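**Student:** Here's a structure for you.
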Amino acid sequence: MKYDVFLFDLDDTLMDFGETEKNAFTNVFTTHGFPNALGDYRGTYRAVSTVLWEDLEQGRTTLADLKTERFRRVFLEHGLKWMPKRSAKCTSII
């Protein structure tokens, strides 16, 4: 039997997405001077991301905007100094 396309699901099928997200989040924020970020900001990050991914699915935002907006909102929520250029480097990791 010949297949033209082979699809598979990585998220929580072939890899533990939650653990991968947690590790990436910790590494990125620790690298940028927030060593307690997992406990301090991850809950906010996940809540913000959930809303933004829904907005993306509904056509209310773009993927490019989502990648930076999630950080901007987390920083705003916690009164952190927003540094778009520094945060933009993180967008491909998380």
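**Student:** Restricting the first residue to segment 2-14 and requiring it to be of a type in the set (A, V, I, L, M), which pairs with a second residue that is part of a loop (DSSP other than H, G, I, E, B) meet a Cβ separation below 7 Å and a spacing of at least six or different chains?
**Tutor:** LEU14/PHE8
**Student:** Another question about this same structure. Could you look through segment 1-18, keep only residues that are aromatic (Phe, Trp, Tyr) and part of a loop (DSSP other than H, G, I, E, B), and pick out the one that is nearest to SER49 (Cα to Cα)?
**Tutor:** Checking each candidate, the answer is PHE8.
**Student:** While we're looking at this one, here's another question. How many residues, within segment 48-68, are among the hydroxyl-bearing types (Ser, Thr, Tyr) and farther than 21 Å from PHE25 by Cα?
**Tutor:** Qualifying residue count, segment 48-68: 2.
**Student:** Quick test of your reading of the structure: GLY33 fulfils all but one of (1) of a type in the set (Gly, Ala, Ser); (2) surrounded by 11 or more Cβ atoms within 10 Å (Cβ to Cβ); (3) not in a helix (DSSP H, G or I). Name the failing condition by number.
**Tutor:** (2)
**Student:** Do we have GLU21 as loosely packed, with under 15 Cβ neighbours inside 10 Å and in a helix (DSSP H, G or I) here?
**Tutor:** Numbers: loosely packed, with under 15 Cβ neighbours inside 10 Å: no; in a helix (DSSP H, G or I): yes.
Against the criterion (loosely packed, with under 15 Cβ neighbours inside 10 Å and in a helix (DSSP H, G or I)), GLU21 does not qualify.
**Student:** LEU38 versus (1) at pLDDT 85 or above; (2) surrounded by 14 or more Cβ atoms within 10 Å (Cβ to Cβ): which is the lone unmet condition?
**Tutor:** Going through the list (1) at pLDDT 85 or above; (2) surrounded by 14 or more Cβ atoms within 10 Å (Cβ to Cβ), LEU38 breaks only (1).
**Student:** Based on what the data block shows, is THR62 closer than 20 Å to ASP12 by Cβ, among the β-branched types (Val, Ile, Thr) and modelled with pLDDT of 85 or more?
**Tutor:** Values: closer than 20 Å to ASP12 by Cβ: no; among the β-branched types (Val, Ile, Thr): yes; modelled with pLDDT of 85 or more: yes.
Against the criterion (closer than 20 Å to ASP12 by Cβ, among the β-branched types (Val, Ile, Thr) and modelled with pLDDT of 85 or more), THR62 does not qualify.
The values are calculated or read from the model by the stated rules, or taken from the named source; none is laboratory data. Because the structure is a prediction, the values reported are computed rather than measured. Here Cβ is always computed from backbone atoms with ideal geometry, including for glycine, and neighbour counts include all displayed protein chains.
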